[in-house]
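*Asks:* The structure that follows is given in the form of structure tokens.
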Amino acid sequence: MVEYFYLITVLPLAGFLFNGLFGAKFKNEKITGTIGSLTVFGSFVITVLAYLHITSLPEDSRTIIVPLFNWLSSGSLNIAAAYLVDPLSVTMCLIVTGVGFLIHVYAIGYMHGDKGFARFFAFMNLFIFAMLNLVLGDNLLLMFLGWEGVGLCSYLLIGFFYDKKFTGDAANKAFWMNRIGDFGFMLAMFFIFMTFGTLNFQQIFSTLQSTTIATSTFTVITLLLFLGATGKSAQIPLFVWLPDAMAGPTPVSALIHAATMVTAGVYMIARTSVLFALSPIAMNVVLAVGCLTAFVAATIAIAQNDIKKILAYSTVSQLGFMFMAMGVGAFSTGIFHVTTHAFFKALMFLAAGSVIHGMHNEQDVAKMGGLKDNMKTTFLTFLMGAIVISGIPPFSGFFSKDEILSKLFFSGNYIVFGIALITAFLTAFYVFRLISLTFYGKPRYDETHVHPHESPAIMTIPLIILAVLSVVGGFIGLPHIVGTNLIEHFLNPVFTPALSIIPEHHIVASTEIGLIIASVLAAAISIWLSVRTFKSGEKLDAFSGGYYNFLKDKYRVDELYEAIIVKPLLWLTEQSYKIFDVKVIDGAVNGTAKFFNNLAIDWRKLQTGIVQDYAIFSIAGILAILLYIILR
Amino acid sequence: MVNNILTVLIFSPIVLSIPVLFFRDKEKLIKIYSFIVSAAVFGFSLYVLSLFNSANADFQFVERYQWVKDFNIFYLLGIDGISLLLVLLTAFIFPVTILGVWGSVATRVKEFYFLLLLLEGALLGVFLSLDLILFYVFWELILIPMYFIIGFWGGKNKYYANLKFFLYTMFGSLLMLVAIIWLSNYVTPQLGKFTTDYLELRKVSPYTPQTIQLWLFIFFGLSFVIKVPMFPFHTWLPDAHTEAPTAGSIILAAVLLKMGTYGIIRFSMELFPIMFIKYAWLLAVFGVIGIIYGALVCIAQKDVKKLVAYSSVSHMGFILLGLAALNVEAMQGALIQMVNHGLSTGALFMFVGFLYDRRYTREIADYGGILKVVPIFGSLLLVICLSSIGLPGLNGFIGEFMILIGSFNSALLNNHTYTILGTTGVVLSAVYLLWMYQRVLLGPLDKDINKSIPDLNLRETVASALIIIFIVWIGVYPNTFLSKSEASMKKVIENVETAKRNLLRIP
């Protein structure tokens, strides 16, 4: 069995090559779409087999290395291309290939008729390939290959509709922001290689046990890694690219910018959890950044009118929740939220895509309203997603979010817990604002030109499957007071080394029940408030005033970066070129040339061609020599 | 033939260039003939590769003939793992260039291809010479075809650019000639004879007094860093690159610049190891300045060709940093980066040439949105840009990563600041290349004149695909290439370390 695991990544790669090289020639959507989806489905099947294989093994030996080839070796640098199959990577692979497959199927309907159909599927397959390398890589460099690879696919797919300026701008912004994060990732690799002499995860962990290393080293390494995570997972300060990334087609937003790629930062912390656990400072930074991001993004989401931007800020906010979990050492809880979020956020994005599709590419909720009768399946599945994200029991979002809240509380971070609870309240509020404005009230669009319609089955069936998963997905992670937490049990062997370092927090059952009641109440009140305010569709804004405009303008972070980074950088480049290169260096070069040229021009005047002049020079020369001899 | 295999390699393009002059004006024949000759040379270089023993760190296929008897100057050739990769790069780039630029030279066709083949022979000579005078002869021989290529087929500002290129490099190489004579003369007592045999000189040269060594090191070094070009001696490059015809720019970027970095490894390091150890930090400082400064200047460019030219300054900065680190990882990275830069920057110039031949402008602002009409051009150019940006899985990343991780852990530099600053180049290269890509290819196709730009034809596609094969190959399985030079590179480092140890023992 193990010898076939490499097919998990090879199949999507084959799909990419096929569609990339020949897709444009065939111009056959059926072949392209089928190959694109089936290759991902094939990886999903093999991943399931891999899952069954490792669950059949004893709990403490569920780690399999699949060696491929020797990638890079020189001197002390020896990096293999090898896959690490363990509960963590298998969980991630199941999400990537499973949700990925559903989104591919959906995209067959969504992208129908687009002239870049083959290109789209080629890039999507390439993305799956890169993402699987990211989660399966058994060393940091292979992970980085996937890390940059998904960044590339994100760039290509954000800029998919390349004949518009804003898509190109958004794609570049995403790539550049990610590159800033990757700068941190690369430096972290250098530090790790210096400290451990290897980039292989298992060797790093075994070295840890035999040597003592200063805490400050871990702090440096993990903070640099976290810089990488803030880029990829859109956290403060590098979060501004994600909302712009919505310029890409909606299946891309669902797959890359909600379900999978943006959670790579969370996965990376999970994979290197030991290193993070050894640096309390870094853990606190992760917690603080996650908390701040979750809150800030949720407040922005309230004031947005673009259906996809609301969901994008929602994603940023939910990622913040995941980082909060990581920050208190609740690694399996974080991955649990990655899983449930993949279900319900992919669902909501695809449902939003269905709305946009039915509304002839309208994305502004201010120009929607009353769609619930026109598109029933979309409405019901979207509503389901909204209920799930709000944290209503017994649906998946409730279990994972509530567990994060409980872990925050019991680790003693009461302020963070408080902010997280408020954020959960805001989440339900903005998401039901979205639902109300889109599906309830009177139509606010031009009914003579726009005729909303339900999407074809190829799009609604994935929606239904995802809705079912969002509803039942939570049962893999029941709270301890209710039953066994399957996913935690499954993942924990991976985190044992890290968890042995972090102090364990005692969970008080009665307090936990209180917390659950509090969070459910918060969600319920919030939904009620939101629906009451926006249901009629007469009111679009929750409130007004200066602060609201500030939220509408997304805290003007883009403008801030423009002023303090982009403009000075452009100024510097201009100065470097126009002043330093042209005037200073070339000035010196040309000046030297000019000096000799002028010298030549002056001295040339001595060459008059008149014999008498030369005679005078000769006599002067002889006199000079004589004078020298006499005076010596 | 095995005995004179290197001579055959160097002189086949030179000798076979002569018939071109008798082809009169049969342009097509000239091109096909030149392509076949250069392809055959590449084939022959592969034959050399097949005979090469990569476990042997020493020079192989050494040929030695007395040249100037009284001064013990030899016609001395040899190849090791380091020169092997550069020879292969040279032999590969020429046929690809000829294929790629097929129609872009319209006047004095036979002279152009004659000079091109002559240039190829001279370049191979530079990488294979083991006698300093012979090396110097080939080094200077490069200037002649290059001067005419820029002078005859160059752009508007070619006279200024050509003079600048010529004087700049001439200034450096004259200092090198002085140093060669000085060194050979100085060590005559130790060797018992005057000789310019590199294999002899490197035994005694490290032990010359440091005051003299410093001057020799500076003279050799200046000549090399001008060629690289290292900041602040780089201003000849954008002018020469921009004015040269496409083929000239490709060869200049892909191979000529490597003469400088090759010279540093072969001569500066091995002849003057103690000076190298003392001043490696300076090389690293200027390398890092080059990385950042070159990238910043790139962002400000409005001319595509100039942008690519300045990107060379940035990329060559990485190589200098790698050499200054003096450990296997970084130096192997620097060597593979020389090959990478040759492939990706060579390809970038080729693509600028494709564009120029279609629209006769290099201004970025004259384009925009042309991906719609030239999808093949756009897709292939993206791969090449990504290779230059250093995307993992493609060649550029391997070189940059090895250089950076090596210099980070370098005992010689012993300072992380170089690497940390150098790594910002990774961010900046994405900025200038993707921004250029966006402004040229993406966005609305709003200029009518651009709507009729034809896409790449089969010949051009094949030429670019050949380069891309190696871009991917080195990115996915660099060991094919790294293993060839590993032994020789270790030997160079070992020689430097040995000299250092011996010198420390002598008070």
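*Asks:* Being of a type in the set (K, R) and either at pLDDT below 90 or on the phi > 0 side of the Ramachandran plot (or both) is the filter here, so list the residues in the stretch A:505-544 that pass it. Lay out the reasoning, then the answer.
*Replies:* In the first step, residues of the stretch A:505-544 are kept if they are of a type in the set (K, R); the result is A:532, A:535, A:539.
Within the stretch A:505-544, A:K535, A:K539 meet the criteria.
*Asks:* What's the number of the only condition in (1) surrounded by fewer than 24 Cβ atoms within 10 Å (Cβ to Cβ); (2) farther than 30 Å from B:Y437 by Cβ that B:F286 fails to meet?
*Replies:* With (1) surrounded by fewer than 24 Cβ atoms within 10 Å (Cβ to Cβ); (2) farther than 30 Å from B:Y437 by Cβ applied to B:F286, the lone miss is (2).
*Asks:* With respect to B:K31, is the statement that it is over 30 Å from B:E486 (Cα atoms) and exposed (fewer than 14 other Cβ atoms within 10 Å of the Cβ) true?
*Replies:* Details: over 30 Å from B:E486 (Cα atoms): yes; exposed (fewer than 14 other Cβ atoms within 10 Å of the Cβ): no.
For B:K31, the condition - over 30 Å from B:E486 (Cα atoms) and exposed (fewer than 14 other Cβ atoms within 10 Å of the Cβ) - is not met.
*Asks:* Just checking, how many residues over the stretch A:74-110 are within 14 Å of chain B (Cβ to nearest Cβ), over 24 Å from the mean Cα position of the chain (by Cα) and either in a strand (DSSP E or B) or over 30 Å from B:I405 (Cα atoms) (or both)? Reasoning before the result, please.
*Replies:* Keep residues of the stretch A:74-110 that are within 14 Å of chain B (Cβ to nearest Cβ), which gives A:74-81.
Applying the additional criterion that residues be over 24 Å from the mean Cα position of the chain (by Cα) yields A:74-80.
Filter again for either in a strand (DSSP E or B) or over 30 Å from B:I405 (Cα atoms) (or both), leaving A:74, A:77-80.
The qualifying residues number 5.
*Asks:* Mind checking which residues of the stretch B:361-412 are farther than 29 Å from B:I319 by Cα, among the aliphatic types (A, V, I, L, M) and crowded, with 19+ Cβ neighbours inside 10 Å?
*Replies:* B:I370, B:L371, B:V374
*Asks:* State whether the residues of the stretch B:250-270 include one that is within 14 Å of another protein chain (Cβ to nearest Cβ), closer than 28 Å to B:S104 by Cβ and surrounded by 23 or more Cβ atoms within 10 Å (Cβ to Cβ). So that I can check it myself, show each step before the final result.
*Replies:* So in the stretch B:250-270, the residues within 14 Å of another protein chain (Cβ to nearest Cβ) come out as none.
No; the residues of the stretch B:250-270 include none that is within 14 Å of another protein chain (Cβ to nearest Cβ), closer than 28 Å to B:S104 by Cβ and surrounded by 23 or more Cβ atoms within 10 Å (Cβ to Cβ).
*Asks:* Looking for something assigned by TED's automatic domain parsing to the domain that holds A:L311 and more than 30 Å from the chain's Cα centre (by Cα) - is there at least one such residue anywhere in the stretch A:461-479?
*Replies:* no
*Asks:* Is there a residue being assigned to a helix (DSSP H, G or I), within 21 Å of the chain's Cα centre (by Cα) and within 14 Å of another protein chain (Cβ to nearest Cβ) anywhere in the stretch B:340-348? Quick ask: steps written out before the conclusion?
*Replies:* Within the stretch B:340-348, the first condition is being assigned to a helix (DSSP H, G or I), and the residues that meet it are B:340-348.
Right, trim to within 21 Å of the chain's Cα centre (by Cα) and you get B:340-348.
Restricting the remaining residues to those that are within 14 Å of another protein chain (Cβ to nearest Cβ) gives B:340.
Looking through the stretch B:340-348, at least one residue is assigned to a helix (DSSP H, G or I), within 21 Å of the chain's Cα centre (by Cα) and within 14 Å of another protein chain (Cβ to nearest Cβ).
*Asks:* Take the residues in the stretch B:38-77 that are touching a Pro at 6+ places or on another chain (Cβ under 6 Å) and not small (G, A, S), then tell me which one is farthest from B:K490 (Cα to Cα).
*Replies:* Here is the first cut: in the stretch B:38-77, the residues touching a Pro at 6+ places or on another chain (Cβ under 6 Å) are B:38-39, B:41-42.
Now narrow it down to the ones that are not small (G, A, S): B:41-42.
Values: B:V41: 29, B:F42: 27 Å.
Of everything passing the filter in the stretch B:38-77, B:V41 is farthest from B:K490 (Cα to Cα).
*Asks:* Moving on to the next point. Of the residues A:K567, A:K552, which is within 28 Å of A:W176 (Cα to Cα), of a type in the set (K, R), within 33 Å of the chain's Cα centre (by Cα) and modelled with pLDDT of 90 or more? Before you say what the answer is, go through the steps one by one.
*Replies:* Details: A:K552 fails: modelled with pLDDT of 90 or more.
From the options A:K567, A:K552, the qualifying one is A:K567.
*Asks:* Quick one: count up the residues across the stretch A:49-72 that are within 14 Å of chain B (Cβ to nearest Cβ) and among the aromatic types (F, W, Y).
*Replies:* 2
*Asks:* Then there's this: Please specify each residue of the stretch A:42-100 satisfying the condition of being β-branched (V, I, T) and either under 30 Å from B:P478 (Cα atoms) or in contact with a strand residue (DSSP E or B) (Cβ under 6 Å, 6 or more places away or on another chain) (or both).
*Replies:* Initial filter on the stretch A:42-100 (β-branched (V, I, T)): A:45-48, A:54-55, A:63-66, A:79, A:85, A:90-91, A:95-97, A:99.
Result: A:I46, A:T47, A:T63, A:I64, A:I65, A:V66, A:I79, A:V85, A:V90, A:V96, A:T97.
Residue by residue, here is whether (1) part of a helix (DSSP H, G or I); (2) over 16 Å from the mean Cα position of the chain (by Cα) holds:
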{"residue": "B:F42", "(1), (2)": "yes, yes"}
{"residue": "B:D70", "(1), (2)": "yes, yes"}
{"residue": "B:L88", "(1), (2)": "yes, no"}
{"residue": "B:V105", "(1), (2)": "no, yes"}
{"residue": "B:W139", "(1), (2)": "yes, no"}
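*Asks:* Of all residues being in a helix (DSSP H, G or I) and of a type in the set (S, T, N, Q) in the stretch A:396-413, which is surrounded by the fewest Cβ atoms within 10 Å (Cβ to Cβ)? Just the residue, please. Can you show your working first?
*Replies:* Of the residues in the stretch A:396-413, the ones in a helix (DSSP H, G or I) are A:396-410.
Next cut, of a type in the set (S, T, N, Q) only: A:396, A:400, A:406.
On the way: A:S396: 26, A:S400: 30, A:S406: 23.
Result: A:S406.
*Asks:* Which residues, taken from the stretch B:317-333, are under 14 Å from the mean Cα position of the chain (by Cα) and either closer than 22 Å to A:L72 by Cα or not in a helix (DSSP H, G or I) (or both)?
*Replies:* Of all residues in the stretch B:317-333, those under 14 Å from the mean Cα position of the chain (by Cα) come to B:317-320.
Passing the criteria: B:F318, B:I319, B:L320.
*Asks:* A follow-up question, please. List, please: which pairs have Cβ atoms under 8 Å, are six or more places apart or on different chains, and start with a residue in the stretch A:55-70 that is modelled with pLDDT under 90 and assigned to a helix (DSSP H, G or I) and end with one that is surrounded by 12 or more Cβ atoms within 10 Å (Cβ to Cβ) and of a type outside the set (F, W, Y)?
*Replies:* Filtered contacts from the stretch A:55-70: A:E59/A:P493; A:D60/A:P493.
*Asks:* Taking the conditions exactly as written (within 16 Å of A:F191 (Cα to Cα), in contact (Cβ under 8 Å) with a residue 12 or more places away in the chain and touching a Ser or Thr at 6+ places or on another chain (Cβ under 6 Å)), does B:S387 satisfy them or not?
*Replies:* Details: within 16 Å of A:F191 (Cα to Cα): no; in contact (Cβ under 8 Å) with a residue 12 or more places away in the chain: yes; touching a Ser or Thr at 6+ places or on another chain (Cβ under 6 Å): yes.
For B:S387, the condition - within 16 Å of A:F191 (Cα to Cα), in contact (Cβ under 8 Å) with a residue 12 or more places away in the chain and touching a Ser or Thr at 6+ places or on another chain (Cβ under 6 Å) - is not met.
*Asks:* Could you check the stretch B:354-398 and list, in sequence order, the residues that are within 12 Å of chain A (Cβ to nearest Cβ), of a type in the set (K, R) and not in a helix (DSSP H, G or I)?
*Replies:* none
*Asks:* Still on this structure, please answer the following. Return a yes/no flag: does the stretch B:155-165 have any residue that is more than 30 Å from B:R202 (Cβ to Cβ), away from chain A (no Cβ under 14 Å), hydroxyl-bearing (S, T, Y) and part of a helix (DSSP H, G or I). Let's see the steps before the verdict.
*Replies:* So the first thing to find is which residues in the stretch B:155-165 are more than 30 Å from B:R202 (Cβ to Cβ), and the list is B:155-165.
Restricting the remaining residues to those that are away from chain A (no Cβ under 14 Å) gives B:155-156, B:158.
Subsequent filtering for residues that are hydroxyl-bearing (S, T, Y) retains none.
No, that holds for no residue.
*Asks:* On the given criteria, is B:T345 surrounded by 24 or more Cβ atoms within 10 Å (Cβ to Cβ) and either modelled with pLDDT under 95 or closer than 27 Å to A:F190 by Cα (or both)?
*Replies:* Details: surrounded by 24 or more Cβ atoms within 10 Å (Cβ to Cβ): yes; either modelled with pLDDT under 95 or closer than 27 Å to A:F190 by Cα (or both): yes.
Yes.
*Asks:* Can you spot a residue in the stretch A:306-318 that is surrounded by fewer than 24 Cβ atoms within 10 Å (Cβ to Cβ) and free of Cβ contacts under 8 Å to residues at least 24 places away in the same chain?
*Replies:* No.
*Asks:* Only one of these is out of contact with any His (no Cβ under 7 Å at 6 or more places or on another chain), of a type outside the set (F, W, Y) and in contact (Cβ under 8 Å) with a residue 24 or more places away in the chain: A:S411, A:S436. Name it. Walk me through how you get there before you give the answer.
*Replies:* Details: A:S411 fails: out of contact with any His (no Cβ under 7 Å at 6 or more places or on another chain).
That would be A:S436, the only listed residue that is out of contact with any His (no Cβ under 7 Å at 6 or more places or on another chain), of a type outside the set (F, W, Y) and in contact (Cβ under 8 Å) with a residue 24 or more places away in the chain.
The values are calculated or read from the model by the stated rules, or taken from the named source; none is laboratory data. Please read all numbers here as calculations on a predicted model, not as lab measurements. Quick reminder, even Gly has a Cβ in these numbers, built from the backbone with ideal geometry, and neighbours come from all protein chains shown.
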